[in-house]
């Protein structure tokens with residue numbers, strides 16, 4: 001069942017509900033008690049929530065990860081099982097059915113889920129970002145309509161900011177929305193949209209005013225709206241368990257009541273959503289890197305060369321130590337940034353940018369190094385390390401490229417205060 005809380009619950013109560021709805025568990029080896037144990041520093045309630053997510057990753061995601069990738073399957077039923085555990089609207093308020101957890105809790109959950117399938121977890125994280133933007137800024141009518149469906153993943157959501165001609169320079173977007181009677185009429189296109197064609201609601205940033213950021217508004221476009229269409233499914237290097245394509249608006253009519261916030265607030269909504277989105281995608285990188293280290297460690301203990309297992313070679317020992325250090329440093333930065341969002345820290349934008357920059361690049365290196373440890377076997381799709389590498393590569397590009405992350409951090413440091 002979906003977690004639709006009528007009253008505020010404690011984290012302990014949430015944990016009880018999560019465990020009650022989980023199938024019998026298999027323990028997943030996460031190097032418990034080692035220096036890279038992801039439970040380090042967490043409270044008891046967070047550890048319980050983390051264990052639920054790890055169990056789901058082991059039982060539901062990991063056994064299907066390679067098939068979903070190879071056959072480009074969008075795993076609707078598995079996504080809805082994740083939602084039944086409270087993972088469909090993790091940090092939305094409980095007023096309309098969200099789970100009501102913190103950004104730090106969400107980071108812990110997404111890291112754990114990504115050990116099972118990074119690509120599928122990444123879609124869950126995007127869906128959560130959309131749900132939060134609706135829950136935070138939309139009218140109560142829209143919230144009551146969409147949040148329960150998004151929390152249960154009865155409905156799926158997509159985030160529409162990037163355009164064919166507007167990527168890093170998001171404020172230059174040209175998709176327009178003009179009033180006509182009781183409707184907005186949208187024209188334009190969005191590119192690289194995860195979930196396109198499968199999602200039920202599209203959170204669209206479009207121009208209702210003058211050029212620049214202040215002319216951008218946020219409008220919800222429902223699947224089936226007249227004038228809404230989709231391009232061909234993109235062939236991607238990774239992230240193959242959810243589709244991506246162009247989303248086109250050709251005189252697409254949407255009721256004015258679907259405006260999120262007020263006109264001219266769209267760019268602010270988009271950027272605030274992305275602060276959390278950057279933490280989410282960095283958390284997915286952490287999970288993939290943790291899984292890659294586990295696989296590399298296991299391979300080193302059984303693979304022999306020159307009459308000895310690989311774990312006896314000092315060079316590879318040192319490489320593994322470097323990978324572990326990169327992972328823990330990345331995790332600390334991500335959790336620090338998530339806490340800054342929870343605490344409404346004035347430096348949250350820079351801290352989220354730092355965390356996304358550092359964690360996505362370091363975790364990609366970890367996955368790449370794990371593949372190298374496997375040697376020729378790592379290049380075969382029979383072994384999952386190559387998939388962790390492929391799925392994490394795009395994390396350095398989306399939710400703001402890492403070049404933009406550097407710009408945001410530099411701007412923060414150089415600002416006179």
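Every number in this text was worked out from the coordinates using simple rules, so none of it is lab data. Note that this is a predicted model, so its numbers are computed, not measured. Every residue, glycine among them, receives a Cβ derived from its backbone with ideal geometry; neighbour counts consider all protein chains shown.
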Residue 141-residue 95 pseudo-label distance in nm [points 7 Å out on the Cα-to-Cβ vector]: 1.6
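May I ask you to compute the full-extension gain from residue 342 to residue 308, defined as 0.36 nm times their residue separation minus their alpha-carbon distance, rounded to one decimal in nm? Please report the intermediate quantities before stating the final value.
Values: separation 34, 0.36 × 34 = 12.24 nm, distance 4.91 nm.
Taking 0.36 nm per residue and subtracting the Cα distance, the gain is 7.3 nm.
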Nitroxide proxy distance, nm - points 7 Å out along Cα→Cβ at residue 172 and residue 365: 3.1
Extended-chain gain in nm, criterion 0.36 nm per residue less alpha-carbon gap, residue 213 and residue 329: 38.3 nm
Within the chain, helix-based [θ] at 222 nm, where runs of 4 or more DSSP H residues each add -39,500 (n - 2.57), nearest 500: -16000 deg cm²/dmol
0 to 90° range, to nearest 10: angle between helix 402-414 axis and the chain longest Cα axis: 80
Calculated FRET value between residue 35 and residue 66, using beta carbons and R₀ = 22 Å, to 0.05: 0.15
Linear extension gain, residue 44 paired with residue 410, 0.36 nm per residue minus alpha-carbon span: 128.0 nm
Inter-site label distance for residue 401 and residue 257 at 7 Å from Cα along Cβ, in nm: 4.2
Fluctuation leader among 336, 240, 275 - the chain, Gaussian network, Cα springs under 10 angstrom: 336
The chain: angle of helix 103-114 to the longest principal axis, Cα-based, in degrees nearest 10: 60
For 55, 250, order by how many other beta-carbon atoms lie within 10 Å, fewest first: 250, 55
C-alpha long axis of helix 44-56 to longest principal axis of the chain, angle in °: 90
Mean Cβ neighbour count within 10 Å, used as a protection proxy, ranking 162-171, 112-121 highest first: 112-121, 162-171
Distance between segment 157-209 and segment 322-382 - C-alpha centres, whole angstrom: 30
